1. Determine, for CYS85, CYS204, the number of other Cβ atoms within 10 Å of each Cβ, and report the residues in order from fewest to most.
2. Which ³J(HN,Hα) values, rounded to whole Hz and listed in residue order, are derived for region 42-50 from phi using the Karplus coefficients 6.51, -1.76 and 1.60 in 6.51 cos²θ - 1.76 cosθ + 1.60 with θ = phi - 60°, glycine and proline given as x?
3. For LEU182, LEU139, LEU49, which order do you get if you count the other beta carbons within 10 Å of each Cβ and list the fewest first?
4. So what's the back-of-envelope 222 nm ellipticity for the chain, counting only DSSP H runs of four-plus at -39500 (n - 2.57) apiece and dividing by all residues, rounded to 500?
5. Under 12 Å between alpha carbons, and skipping anything fewer than 8 positions from LYS199 in its own chain: which aspartates and glutamates qualify?
6. Sort largest first and round to whole Å: the equivalent ellipsoid semi-axes of region 1-101, each the square root of five times a Cα gyration tensor eigenvalue.
7. Mean shadow of the chain, computed from the convex hull of its alpha carbons, in nm²?
8. For the Cα atoms of the chain, what angle does the longest principal axis make with the long axis of helix 114-124, in degrees from 0 to 90, nearest 10?
Amino acid sequence: MEKKSNILKTEGLSITYGPIKAVKKVNIEIKQGEFVALIGANGAGKTSLLKAILGIQRPDKGRVQFLGIDITRQSTDKIVSLGLCLIPEGHVIFTSMTVLENLQLGAYHDYDNFEKNLERVFTYFPILQERSSQIAGTLSGGEQQMLSMGRALMSKPKLILIDEPSLGLAPKIVTEIFNILLELNKEGYSILLAEQNAKKALECSHRCYVMQTGEIAMTGFSGDIIDNPKIRQAYLGSN
């Protein structure tokens, strides 16, 4: 079997906010084509870790490698241009702009392939094509999450970081969102998913990192972790 190379690797990544140590010497790696989950309670440090990877939050120590390149001190714009994107929690969109205008902004780093990428996004999210001229702020919460994901895909990223995509959404929409993530992974997209819905995250991913109070408390194959009694009790509501 062909050994896949790392697309992302963090080494000893640490982040502090004043007296608070949000991330403590975190080491993670994601291989080409992998779907990796990052689970943990609210405040565990998941969002801080994703922001550090994308250059939004500067780490105090450690480094981040993407495609073998040290991106620790690179600007967020440069990191995005290399093929890394973040879909933030809370379906962040430009509410006063149309759906199409939001997608056009997402194509900033790959505008030459705009039409091709737009067609692919509309294939994943047909509702966005139907609502392309609608003001984004008038979409439902689920539709806004789809728009946030679609905008990220417009840059044809090599690695998708996605933060709490199930937050505040109805179960039916959550299932739809996770099914789309699975399809994206099958097409070859590498994914790092930070999610409080541990059951959904573990069911979809290949491997998992469990984060507690800024540290990686456990790592392994998702199928093994979902059967771990401690994980089941802490995150899945069962013994």
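Read-outs throughout are calculated quantities, based only on the coordinates presented, and are distinct from any laboratory measurement. No experiment lies behind these values; they were computed from the predicted model shown. For neighbour counting, all protein chains shown are included, and Cβ atoms are generated from backbone atoms with ideal geometry for every residue, glycine included.
1. If I rank by nearby Cβ atoms, fewest first, I get CYS204, CYS85.
2. 4, x, 6, x, 4, 5, 4, 5, 4
3. Fewest-to-most Cβ neighbours within 10 Å comes out as LEU182, LEU139, LEU49.
4. The per-residue figure over the chain is -10000 deg cm²/dmol.
5. ASP227
6. Whole-Å semi-axes of the equivalent ellipsoid: 22, 20, 15.
7. 13.3
8. Result, in degrees: 70.
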